[in-house]
Amino acid sequence: MAPKRRRSFITSVLACVAFIAAAIWSWDLPVSDVASYLVLMLVFLAVIVAAAVGFGAFLNWLRNRRNK
């Protein structure tokens, strides 16, 4: 049997997918609209991650410059 932490993560992901599928089915949403929203959210997530990585690199550069 999988460890409890892994089991709870898998259960959460399955619940999320089931909720999204139920929303698509009950509200009669076109799958193309859902896919476009998913792509848009992934793009925003990538921008946020890139900004965080850039800011971290900038802070690391400042710290290394000050220590020299």
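Values computed for the structure shown
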item	result
Hits in segment 14-50 - residues which are hydroxyl-bearing (Ser, Thr, Tyr) and over 20 Å from the mean Cα position of the chain (by Cα)	Ser26
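Rundown of residues vs (1) part of a helix (DSSP H, G or I); (2) in contact with an Asp or Glu (Cβ under 6 Å, 6 or more places away or on another chain); (3) at pLDDT 90 or above, yes/no style:
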position	(1), (2), (3)
Arg6	yes, no, no
Ala22	yes, no, yes
Leu29	no, no, no
Leu42	yes, no, yes
Leu45	yes, no, yes
Ile48	yes, no, yes
Ala51	yes, no, yes
Leu59	yes, no, yes
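The values are calculated or read from the model by the stated rules, or taken from the named source; none is laboratory data. These numbers were taken from a predicted model, which means no experiment stands behind them. Neighbour counts are summed over all protein chains in view; Cβ atoms, including those assigned to glycine, are modelled from backbone coordinates with ideal geometry.
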